[in-house]
1. I need a count of the residues in the range 11-50 that are among the basic types (Lys, Arg), within 23 Å of GLU150 (Cα to Cα) and either at pLDDT 90 or above or out of contact with any Lys or Arg (no Cβ under 9 Å at 6 or more places or on another chain) (or both).
2. Name the pairs: first residue in the range 76-97 and at negative phi, second residue at pLDDT below 85 and part of a loop (DSSP other than H, G, I, E, B), Cβ to Cβ under 8 Å, at least 6 apart or on different chains?
3. Can you name every residue in the range 158-170 that is surrounded by 18 or more Cβ atoms within 10 Å (Cβ to Cβ) and either out of contact with any Leu (no Cβ under 8 Å at 6 or more places or on another chain) or at pLDDT 80 or above (or both)?
4. Can you pull out the residues in the range 1-46 that are within 24 Å of GLN101 (Cβ to Cβ) and of a type in the set (A, V, I, L, M, F, W, C)?
5. Can you confirm whether ALA90 is hydrophobic (A, V, I, L, M, F, W, C) and surrounded by fewer than 15 Cβ atoms within 10 Å (Cβ to Cβ)?
6. How many residues does the range 133-152 contain that are aliphatic (A, V, I, L, M) and open to solvent by 30 Å² or more (accessible area, probe 1.4 Å)?
7. Pairs please, first residue from the range 10-22 and part of a helix (DSSP H, G or I), second anywhere and among the charged types (D, E, K, R) and crowded, with 17+ Cβ neighbours inside 10 Å, Cβ atoms under 7 Å, 6+ apart in sequence or on different chains.
Amino acid sequence: MGEKAEETARRIRAEITAGRWAPGQRLPGELALARRCAVSRETVRAALAQLAREGRIETKKGSGSRVRELSPRRIAVVPTFAEEYIFPAALRQAQEIFAAQGCTSEILPTLDRFSRERQVLTALLAGGYDGALIEGVKTAVPDPTLALYEKLARQIPLRSCHGCSAGTPG
């Protein structure tokens, strides 16, 4: 999928998440979405296909696309540590905020090790998560997991906290 289609899918996904279209509601047609997003109809078609693969919409030829009922959004919280320093209080607060937004969250600490960060990012790439709040490992040094971050940023929204390595998305 091209860059424009990815951006269009991100935009439509964000509008669905924000409640612009309710579950079961029909999305505007391809031409209307193309005008709205200032892209071609083919780009919209590719974006809608991606959203259908994610299970966010269902499409029927000749009937358009409808928003699917989603289970609670699942957010990965990836700190370096979960038990030490300021993290327990900060993690509790993050989980409370996510819960108030109707999300479930899972804490996946990296133990400040690149090998563990690679495992966590690989698990996130396998799917099942709708977003991630990540504290990168050793952010002052070159990041050997940068390619995984770039792939993941094309799949789900990412936000880095407490710094990120140069070039890391989010």
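The values are calculated or read from the model by the stated rules, or taken from the named source; none is laboratory data. Please read all numbers here as calculations on a predicted model, not as lab measurements. Because the Cβ atoms are built from the backbone with ideal geometry, glycine has one as well, and the counts that use them run over all protein chains shown. Each accessible area value is taken on the protein alone, full model and side chains, heavy atoms only, with ligands, DNA and RNA left out. Shrake-Rupley method; radii C 1.70, N 1.55, O 1.52, S 1.80 Å.
1. Residues flagged as among the basic types (Lys, Arg), within 23 Å of GLU150 (Cα to Cα) and either at pLDDT 90 or above or out of contact with any Lys or Arg (no Cβ under 9 Å at 6 or more places or on another chain) (or both) within the range 11-50 amount to 1.
2. PRO88/ALA82; LEU91/ALA82
3. LEU158, SER160, CYS164
4. Answer for the range 1-46, where residues must be within 24 Å of GLN101 (Cβ to Cβ) and of a type in the set (A, V, I, L, M, F, W, C): ALA9, ILE12, ALA14, ILE16, ALA18, TRP21, ALA22, LEU27.
5. no
6. Counting residues in the range 133-152 that are aliphatic (A, V, I, L, M) and open to solvent by 30 Å² or more (accessible area, probe 1.4 Å) gives 5.
7. Once the first residue is part of a helix (DSSP H, G or I) and sits in the range 10-22, its partners that are among the charged types (D, E, K, R) and crowded, with 17+ Cβ neighbours inside 10 Å give ARG13/ARG56; ILE16/ARG56.
For every residue, the table says whether it meets (1) among the hydroxyl-bearing types (Ser, Thr, Tyr); (2) over 17 Å from the mean Cα position of the chain (by Cα); (3) surrounded by 14 or more Cβ atoms within 10 Å (Cβ to Cβ).
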site	(1), (2), (3)
ALA5	no, no, yes
THR8	yes, no, yes
ARG13	no, no, yes
TRP21	no, yes, yes
GLY29	no, yes, no
ARG45	no, yes, yes
GLY55	no, no, no
ARG74	no, no, yes
